Amino acid sequence: PAAACSRADLAMRVFDWKTRGSEAPALEGLDLGSLSKSPGSAHRAARKGRGISAGQGATCGFGTRGQKSRSGHSTRPGFEGGQIPLYRRLPKFVGRPTGPGHTKTEYEIIKVSALNQLDDGAEVDYAALLAARAVSKSKRKLNKVVGAADKLTVKNLKVRAHAFTSSARAEIEALGGSCIELSPTTGEPVAA
């Protein structure tokens with residue numbers, strides 16, 4: 001009886017199909033892939049500012065006065081009406097900037113001159129450069145290859161890094177090499 005009771009409840013909860021003129025779905029075949037909207041459950045978007053009889057005319061539901069009724073964004077993200085906002089109330093830590101505008105991506109810089117310590121046609125990544133003692137150990141996870149005063153002399157390199165400056169890319173490719181850009185999250189090559 002308990003199973004029958006819950007089955008009846010389920011039949012009622014799916015949607016009240018009887019009052020809407022549609023046949024109820026078969027509960028045996030009902031799963032996340034075969035769910036459909038209940039007839040009448042989806043409403044079209046409200047057309048605001050198209051006359052007072054619609055209920056969303058004139059002021060479009062924003063009221064008549066005050067900052068929140070004005071056009072455009074009323075306040076920036078993080079603004080708390082003049083009160084010291086959360087990002088300024090929290091303590092500061094060295095090397096951990098906070099607040100708006102502090103989402104800079106920090107890279108470990110690899111100069112193209114460091115690539116000269118490897119052989120022609122080598123496959124270069126940060127681990128290979130560390131092994132060749134061309135770079136020192138770093139706490140940063142992302143690497144960027146940049147141009148340098150000393151020019152690149154090694155040919156046909158396959159360089160793997162998270163970012164390349166345009167000058168470094170041009171220099172590597174001019175000597176028959178290739179630049180393989182890596183995803184900052186997965187470390188896998190990004191499809192160009």
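The values are calculated or read from the model by the stated rules, or taken from the named source; none is laboratory data. Worth saying up front: this structure is predicted, and the values here are computed from it rather than measured. Cβ atoms come from the backbone with ideal geometry, glycine included; neighbour counts cover every protein chain shown. Heads up: the accessible areas ignore ligands, DNA and RNA and are worked out on the full protein's heavy atoms, side chains in. Shrake-Rupley method; radii C 1.70, N 1.55, O 1.52, S 1.80 Å.
Kindly indicate the residue of segment 90-101 that is out of contact with any Ser or Thr (no Cβ under 8 Å at 6 or more places or on another chain) and open to solvent by 100 Å² or more (accessible area, probe 1.4 Å) and also farthest from residue 79 (Cα to Cα) among those meeting that condition.
94
Which pairs turn up if I take residues in segment 26-49 that are under 25 Å from residue 61 (Cβ atoms) and look for partners that are aliphatic (A, V, I, L, M) and open to solvent by 60 Å² or more (accessible area, probe 1.4 Å) with beta carbon separation below 9 Å, at least 6 apart in sequence or on another chain?
46/54; 47/54; 48/54; 49/58
Among the residues of segment 37-71, write down those that are in a loop (DSSP other than H, G, I, E, B) and hydrophobic (A, V, I, L, M, F, W, C).
42, 45, 46, 58, 60, 62
Quick check on segment 88-98. Is at least one of its residues part of a loop (DSSP other than H, G, I, E, B) and either touching a helix residue (DSSP H, G or I) at 6+ places or on another chain (Cβ under 9 Å) or among the acidic types (Asp, Glu) (or both)?
Yes, because at least one residue in segment 88-98 is part of a loop (DSSP other than H, G, I, E, B) and either touching a helix residue (DSSP H, G or I) at 6+ places or on another chain (Cβ under 9 Å) or among the acidic types (Asp, Glu) (or both).
Pick out the one residue from 120, 125 that is among the acidic types (Asp, Glu) and at pLDDT below 90.
Only one candidate passes the filter, namely 120.
Collect the residues in segment 103-128 that are in contact with a strand residue (DSSP E or B) (Cβ under 9 Å, 6 or more places away or on another chain), at negative phi and part of a loop (DSSP other than H, G, I, E, B), keeping them in residue-number order.
Listed by number, the residues that qualify are 105, 107, 118, 122, 125.
Would you confirm whether or not segment 137-150 contains a residue that is among the aliphatic types (A, V, I, L, M), part of a strand (DSSP E or B) and farther than 18 Å from residue 186 by Cα?
Yes, segment 137-150 contains at least one residue that is among the aliphatic types (A, V, I, L, M), part of a strand (DSSP E or B) and farther than 18 Å from residue 186 by Cα.
Quick grid of which residues meet (1) without any contact (Cβ under 8 Å) to a residue 24 or more places away in the chain; (2) of a type outside the set (Gly, Ala, Ser):
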{"residue": "99", "(1), (2)": "yes, no"}
{"residue": "109", "(1), (2)": "no, yes"}
{"residue": "135", "(1), (2)": "no, yes"}
{"residue": "156", "(1), (2)": "no, yes"}
{"residue": "163", "(1), (2)": "no, no"}
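Given (1) modelled with pLDDT under 90; (2) surrounded by 15 or more Cβ atoms within 10 Å (Cβ to Cβ); (3) among the hydroxyl-bearing types (Ser, Thr, Tyr), where does residue 105 come up short, assuming only one miss?
Among (1) modelled with pLDDT under 90; (2) surrounded by 15 or more Cβ atoms within 10 Å (Cβ to Cβ); (3) among the hydroxyl-bearing types (Ser, Thr, Tyr), residue 105 violates only (2).
Residues in segment 71-89: is at least one open to solvent by less than 60 Å² (accessible area, probe 1.4 Å) and within 30 Å of residue 127 (Cα to Cα)?
There is no residue in segment 71-89 that is open to solvent by less than 60 Å² (accessible area, probe 1.4 Å) and within 30 Å of residue 127 (Cα to Cα).
Can you tell me how many residues within segment 108-117 are in contact with a helix residue (DSSP H, G or I) (Cβ under 9 Å, 6 or more places away or on another chain), under 16 Å from residue 153 (Cβ atoms) and open to solvent by 30 Å² or more (accessible area, probe 1.4 Å)?
Total satisfying the criteria: 2.
For segment 151-192, which positions are farther than 29 Å from residue 96 by Cα, in a loop (DSSP other than H, G, I, E, B) and open to solvent by less than 40 Å² (accessible area, probe 1.4 Å)?
152, 154, 157, 177
For residue 151, all conditions in the list (1) at pLDDT below 90; (2) within 21 Å of residue 105 (Cα to Cα) hold save one; what is the number of the exception?
(2)
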